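Report on the structure given below.
The values are calculated or read from the model by the stated rules, or taken from the named source; none is laboratory data. Since the structure is predicted, the reported quantities are computational estimates derived from the model, not experimental observations. Cβ sites come from the backbone with ideal geometry, for glycine too, and all protein chains shown count toward neighbours. The protein model used for the area step is the full one, side chains on, heavy atoms only, and it has no ligands, DNA or RNA in it. Shrake-Rupley method; radii C 1.70, N 1.55, O 1.52, S 1.80 Å.
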Amino acid sequence: MKIGLAYALKGEIRSILNTMDAKLLETVAGMGVYEIEPDLLAYLGGVGKVNAAMSTQLFIDRYRPDWIVNAGCAGSFRDLPIGTVVLAEDFVQHDVDTTAMGDPIGLVSTVDRVDFPTADPQRLSGILTAQGVAHQVGRAATGEVFMTKGDRADWVAKTFSPVLCEMEGGAIAQVCLRNGVKFTALKSVSDRLCQENNAEEYFNYGEAMAKLNSIVLPFARALRDGE
């Protein structure tokens, strides 16, 4: 089985590139594609939904993956410790609004759905547990905004009841759905959006992604090897 790891930025994959014998296969339309191991590739799609959707479609067309795993950092709507690993069970897109046409909030036209489920989250949670990874499972909300604490964050939390907020996963989920490619996401909590005690914890981006990647690699190998 061929696995694609989806990242937004090179800083998110640096720990893998520095420790593995990774090979840059090509750069196309600004997207770098790396071979990490046989049948385990990674691509850098850029920040935001448009970049994520474009790069994912390019990657699917050129490499025909069976499964895409999105890895990165995300804000939490819940009082989770910084660095908590979250396995996404589904995605919504909080910045899609055609309610003026009578649609429910968050409905994505063409595919006509609000939620985009990930593949087999219960089984994948079992894989993480078997690998000794403490984690949470929950919904993620995607939008073209770097969310901070405030009215918008409160509205997203109330409207969609997500655990996380980030900028790429919902777009990748939509592209994978339309292409019949399995999709999941592993995120590391970088900040808390709705709690009074959001703040004063130190978040080291490089360390957080190195820790997350130490989980992502064996997780992706388990998917590739059919465990």
Query - Output for region 41-81, where each listed residue is surrounded by fewer than 17 Cβ atoms within 10 Å (Cβ to Cβ) and either part of a strand (DSSP E or B) or β-branched (Val, Ile, Thr) (or both) - result: Val47, Val50
Query - Members of region 101-110 found to be open to solvent by 20 Å² or more (accessible area, probe 1.4 Å) and among the aliphatic types (A, V, I, L, M), listed by number - result: Met101, Ile105, Leu107
Query raised in the report: If you go through region 111-139, how many residues are loosely packed, with under 12 Cβ neighbours inside 10 Å and in contact (Cβ under 8 Å) with a residue 24 or more places away in the chain?
Result: 2
Requested in this report: Report yes if some residue within region 88-100 is surrounded by fewer than 16 Cβ atoms within 10 Å (Cβ to Cβ), free of Cβ contacts under 8 Å to residues at least 60 places away in the same chain, outside any loop (DSSP other than H, G, I, E, B) and over 15 Å from the mean Cα position of the chain (by Cα); otherwise report no.
Outcome: yes
Query - Hey, Ala141 among the aliphatic types (A, V, I, L, M), more than 23 Å from Ala210 (Cβ to Cβ) and in a strand (DSSP E or B) or not - result: yes
Query - Boolean, Val175 is of a type in the set (Val, Ile, Thr) and part of a helix (DSSP H, G or I) - result: yes
Requested in this report: Answer yes or no as to whether Pro38 is buried (at least 22 other Cβ atoms within 10 Å of the Cβ) and within 20 Å of Pro218 (Cβ to Cβ).
Outcome: no
Query raised in the report: What single numbered condition from (1) modelled with pLDDT under 95; (2) at negative phi fails to hold for Gly46?
Result: (2)
Query raised in the report: Restricting region 26-81 to residues that are among the acidic types (Asp, Glu) and free of Cβ contacts under 8 Å to residues at least 40 places away in the same chain, which is nearest to Val181 (Cα to Cα)?
Result: Asp61
